[in-house]
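Colleague: Starting off with a structure, shown below.
The values are calculated or read from the model by the stated rules, or taken from the named source; none is laboratory data. Just so it is clear, the model here is predicted, and its values are computed rather than measured. Here the Cβ is made from the backbone with ideal geometry for all residues, glycine too, and neighbour counts use every protein chain on show. We work out accessible area using only protein heavy atoms, side chains counted, and drop any ligands, DNA or RNA first. Shrake-Rupley method; radii C 1.70, N 1.55, O 1.52, S 1.80 Å.
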Amino acid sequence: GIGNYLKICEDMNMRPVSHFMRQTKNPSLSLRYQSLGCQKTVAITQALASNTYVECLDLSDNDIGCDGMVSIANMLTENYFITELSLEDNKIGLRGVANLCDVLSEHSYVKHLNLSGNGLQDPTAVVLGEMLKVNYTLSCLIVKQNQFSCNGAKAIAGALLSNDSLTELDISWNKIRSRGSEALARWSAPTPASSALTCLSTDWTLWALRRS
């Protein structure tokens, strides 16, 4: 609760974020554009570890960085109530995403994940692909406006063959070009062996994948 968060802030010698304290019992908690940085994010995630109210968490545009992302991943090992997580424009890096994917591969109940605008490159796409092969809860993944190339797109596309939970993938405004887009569309085509994907957004078009 609030008391626990205030104690954490006192121990870390930092001012509490009032915008956070006002929303701790709301199903949807938005801290977008709050200039949190890493340390304030760590304090908030420690407080959220035992929170049973918040289901949708938006921490976009806060310059969280890799260490802040690690604290979010740690929080998700204890919090089973957050199902929607938005982390746009936070410079979370490969290490941060790798820690998150470790959690998503085992414990998480997250169904909607937004990692847009983080400058993520192909090695991160490979990590995401490995997670998708074993994750059976995530239904929507948004990774637009990153730096994925054709190889990154193929890494994610290959994972779709063994994933039956993801229904929406937005990988638009990357650098995947036509070959990457074609691979995604081909490997998510409506065949008995394919994934459950029904909506695929790539660089310049929206693919609506029809199933009977």
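Colleague: Output yes when any residue across the stretch 37-55 is surrounded by 14 or more Cβ atoms within 10 Å (Cβ to Cβ), in contact with an Asp or Glu (Cβ under 7 Å, 6 or more places away or on another chain), touching a residue at least 40 places away in the same chain (Cβ under 8 Å) and part of a loop (DSSP other than H, G, I, E, B), and no when none is.
Modeller: No: zero hits.
Colleague: Please work out which one of (1) surrounded by fewer than 24 Cβ atoms within 10 Å (Cβ to Cβ); (2) at pLDDT below 95; (3) under 24 Å from residue 36 (Cα atoms) is the condition residue 108 fails and give its number.
Modeller: Residue 108 satisfies all of (1) surrounded by fewer than 24 Cβ atoms within 10 Å (Cβ to Cβ); (2) at pLDDT below 95; (3) under 24 Å from residue 36 (Cα atoms) except (1).
Colleague: Something else about it: Just the residues that are polar (S, T, N, Q), open to solvent by 10 Å² or more (accessible area, probe 1.4 Å) and over 17 Å from residue 138 (Cβ atoms), please, taken from the stretch 56-92. Steps first, answer last, please.
Modeller: The initial filter retains those residues of the stretch 56-92 that are polar (S, T, N, Q), namely 60, 62, 71, 74, 77, 79, 83, 86, 90.
If we keep only those that are open to solvent by 10 Å² or more (accessible area, probe 1.4 Å) too, we end up with 71, 74, 77, 83, 86.
Answer for the stretch 56-92, where residues must be polar (S, T, N, Q), open to solvent by 10 Å² or more (accessible area, probe 1.4 Å) and over 17 Å from residue 138 (Cβ atoms): 71, 74.
Colleague: Look at the stretch 25-36 and say how many of its residues are open to solvent by 20 Å² or more (accessible area, probe 1.4 Å) and more than 17 Å from the chain's Cα centre (by Cα).
Modeller: First, the residues of the stretch 25-36 that are open to solvent by 20 Å² or more (accessible area, probe 1.4 Å): 25-28, 30, 32-35.
Next cut, more than 17 Å from the chain's Cα centre (by Cα) only: 25-27, 33-35.
Residues in the stretch 25-36 being open to solvent by 20 Å² or more (accessible area, probe 1.4 Å) and more than 17 Å from the chain's Cα centre (by Cα): 6 in total.
Colleague: Which condition number in (1) modelled with pLDDT of 80 or more; (2) touching a strand residue (DSSP E or B) at 6+ places or on another chain (Cβ under 7 Å); (3) open to solvent by 10 Å² or more (accessible area, probe 1.4 Å); (4) small (Gly, Ala, Ser) is the one that residue 165 fails?
Modeller: Condition (2) is where residue 165 drops out.
Colleague: Could you please give the count of residues in the stretch 120-134 that are part of a loop (DSSP other than H, G, I, E, B) and either open to solvent by 20 Å² or more (accessible area, probe 1.4 Å) or at pLDDT below 95 (or both)? Can you show your working first?
Modeller: Applying the first criterion (part of a loop (DSSP other than H, G, I, E, B)) to the stretch 120-134 yields 120-121.
Keeping just the survivors that are either open to solvent by 20 Å² or more (accessible area, probe 1.4 Å) or at pLDDT below 95 (or both) gives 121.
So the answer is 1.
To keep it simple, each residue is scored yes or no on (1) closer than 21 Å to residue 91 by Cα; (2) crowded, with 20+ Cβ neighbours inside 10 Å; (3) more than 16 Å from the chain's Cα centre (by Cα).
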| residue | (1), (2), (3) |
| --- | --- |
| 137 | no, no, no |
| 141 | yes, yes, no |
| 158 | no, no, yes |
| 175 | yes, no, yes |
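Colleague: Let me ask you something else. Pick out the one residue from 99, 114 that is closer than 17 Å to residue 127 by Cα, out of contact with any Leu (no Cβ under 8 Å at 6 or more places or on another chain), in contact (Cβ under 8 Å) with a residue 12 or more places away in the chain and open to solvent by 10 Å² or more (accessible area, probe 1.4 Å). Before you say what the answer is, go through the steps one by one.
Modeller: Numbers: 114 fails: out of contact with any Leu (no Cβ under 8 Å at 6 or more places or on another chain).
99 is the lone residue from the list that is closer than 17 Å to residue 127 by Cα, out of contact with any Leu (no Cβ under 8 Å at 6 or more places or on another chain), in contact (Cβ under 8 Å) with a residue 12 or more places away in the chain and open to solvent by 10 Å² or more (accessible area, probe 1.4 Å).
Colleague: Among the residues of the stretch 168-200, write down those that are in a loop (DSSP other than H, G, I, E, B) and modelled with pLDDT under 85.
Modeller: Taking the stretch 168-200 and keeping what is in a loop (DSSP other than H, G, I, E, B), we get 171-176, 188-198.
Hits for the stretch 168-200 are 176, 188, 189, 190, 191, 192, 193, 194, 195, 196, 197, 198.
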